[in-house]
Structures are given as C-alpha cells and as structure tokens.
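Down below is the structure, laid out as structure tokens.
The values are calculated or read from the model by the stated rules, or taken from the named source; none is laboratory data. Since the model is a prediction, treat every value here as computed from it, not as a measurement. Positions of Cβ are backbone-derived with ideal geometry, glycine not excepted, and every protein chain shown enters the neighbour counts. The protein model used for the area step is the full one, side chains on, heavy atoms only, and it has no ligands, DNA or RNA in it. Shrake-Rupley method; radii C 1.70, N 1.55, O 1.52, S 1.80 Å.
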Amino acid sequence: MAKGLFVVYTGNGKGKTTASLGMAVRALGHGYPVTVIQFIKGNAHCGEHNLSEPFAGLLQFHVTGKGFTWKSENLEEDIALARAAWDLAARTIAEGKVRLLILDELTYLIRYKMVDEDEILEAIGKRPDDMDIVVTGRHASEKMIAAADLVTEMTEIKHPYSQGIPARKGVDF
Ligand code: ATP
Ligand code: MG
C-alpha cells in the first residue's frame, strides 16, 4: 500500500471542514475507522457530532480547547489546552488504528505559535502507510503546504454571511 495521504484544506472560503467530513463519509462507507479532532471548540450543536452514536466503534469526535484565540484572557491556559489537544493527535497517529484522521482547524495552533510547527509536521510525516490525514483551517503555512500531498484552497466568491444571513442548521453546523 502506498503511504497515506496528507491533505490540507485551507483558504478563506467555506468548505474546509465540510470537505473533510465528506472524506469521513466515504471512509465510513467502506467500514474504515475515522477520528476527528477539532482544535477550536466548534458549535456544540454541529450535526456531525450526532453521528458518533450510530457509527459507534468506527467514528470518534474529540472537541478540544475552549474556543481559544488571540482574544483570550488566559493565554497560558490556552497553550496548555492546545498542547493537550495536539498530544492526543500525536498519540492517534502513533497508535495507527484509524484509516482517516481529521485535524480540524489545526492550522491555528501553528499560526498562533501554540505548538511547534516542526513537531507537528514531523509527527504527520510519520503517519502509517494506511492512514490518511486531513488538516483544515485558514492560513496553512508554507512549510505545511510543502509537506502535504494534496492542498486545496477554498476561495470565497460569495458567502451569505455578507448579506446578513445567519449560520444555517444543516449547512453551517
Ligand atoms: P464549513 O465548516 O462550513 O466547511 P469552513 O471549515 O470552510 O466551513 P471555518 O473557517 O472553519 O470554515 O468556519 C466555520 C463556520 O464559519 C461555518 O459555519 C462556515 O459556514 C462559516 N464560514 C466559512 N467561511 C465563511 C466566510 N467566508 N464568511 C463567513 N462565514 C464563513
Ligand atoms: Mg472549519
């Protein structure tokens, strides 16, 4: 088997997380185990989280952090949370049990220098042959793009948000 793919979905347009979830649907359809780690606490009502139960044993979601950002009042706590979340990802890669690992919004850990970029890329570089890894998030770094096998940039042409249309259940969460 060829080495697993390292896929990056980046850019400002909508579709990064949903593209990765589309891959999860495909993998699950083949009976492959999938783990999703979300590095920035997403909307707690995201529809995809409700799939863990029907796909018990195949699909795992980990929602980490507490929406950590540059606005945070406790940067040290945020860095500790980011570190713990990354450690979980590193363990999941090393264990090699899942066929697809989605690291949703991982790019922010690098952009805000919460976890060392070289450490992240080294761990991803050691992925098992039968594990594909997807990273999503805006502002993928040059080093990450260089390391990846597949990079797609979502370009915003139009988004309903700019017309004042709020996030929609089933579309945005
Ligand atoms: P999605 O989860 O829908 O695939 P995404 O992962 O590409 O989106 P994120 O930056 O993670 O985009 O943003 C998540 C949320 O922000 C989603 O509800 C998404 O619809 C919304 N969003 C994405 N792109 C834009 C944009 N250009 N303007 C406003 N809201 C956006
Ligand atoms: Mg996203």
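Given +1 at the Cβ of Lys and Arg, -1 at the Cβ of Asp and Glu and no other charges, the dipole of the chain around its Cα centre is 520 debye to the nearest 20.
For the chain, modelled as a GNM whose springs connect Cα atoms under 10 angstrom apart, the maximal fluctuation among Lys158, Lys16, Lys143 occurs at Lys158.
Debye-formula intensities of the chain, expressed as log10 I(q)/I(0) at q = 0.09, 0.15, 0.16 Å⁻¹, are -0.30, -0.86, -0.98 (one equal scatterer per alpha-carbon, no solvent).
Using amide H atoms built 1.01 Å from N in the peptide plane, name the residues 5+ places from Val135, or on other chains, whose amide H lies under 5 Å from its own. Amide H neighbours of Val135: Val7, Val8, Tyr9, Leu103. Amide H contacts of Val36: Gln60, Phe61, His62, Ile102, each under 5 Å away and 5 or more positions distant or on a separate chain (H built 1.01 Å from N in the peptide plane; Pro and chain starts excluded).
Provide the gained length on full extension for the span Glu122 to Ala94, in nm with one decimal, where the gain is 0.36 nm per separating residue minus the Cα-Cα distance. Show your work: numbers first, answer last.
On the way: separation 28, 0.36 × 28 = 10.08 nm, distance 1.16 nm.
Fully extending the segment from Glu122 to Ala94 adds 8.9 nm.
Report in % the part of the accessible area of the chain that belongs to carbon and sulfur, leaving out ligands and nucleic acids; probe 1.4 Å. Reported share for carbon and sulfur atoms: 52 percent. For region 158-163, putting each phi into the Karplus relation 6.51 cos²θ - 1.76 cosθ + 1.60 with θ = phi - 60° gives couplings of 8, 9, x, 3, 6, 9 Hz, in residue order, rounded to whole numbers and with x for Gly and Pro. Under 18 Å Cα to Cα from Lys158, which lysines show up? Leave out anything in the same chain fewer than 8 places away. Once the sequence-local lysines are set aside, what remains near Lys158 is Lys14, Lys16. Our estimate of slack between Ala167 and His62, defined as 0.36 nm per intervening residue step minus the Cα-Cα distance, is 35.6 nm. Here each label is just a point 7 Å from Cα along the line to Cβ, and for His159 and Arg138 those points are 0.6 nm apart.
With both labels modelled 7 Å from their Cα along Cα-to-Cβ, the Val25 to Asp87 distance reads 3.6 nm.
About its Cα centre, region 126-173 has a charge dipole of approximately 300 debye under the convention of +1 per Lys or Arg Cβ and -1 per Asp or Glu Cβ, with nothing else charged.
Between Val34, Val25, Val134, the residue with the greatest mean-square fluctuation in the GNM of the chain (Cα pairs under 10 Å linked by springs) is Val25. Residues in region 49-56 carry Karplus couplings, in order, of 5, 6, 8, 4, 5, x, 9, 3 Hz; the curve used is 6.51 cos²θ - 1.76 cosθ + 1.60 with θ = phi - 60°, and Gly or Pro positions show x. The mean accessible area for residues of region 42-173, using a 1.4 Å probe and ignoring ligands and nucleic acids, is 62 Å² per residue.
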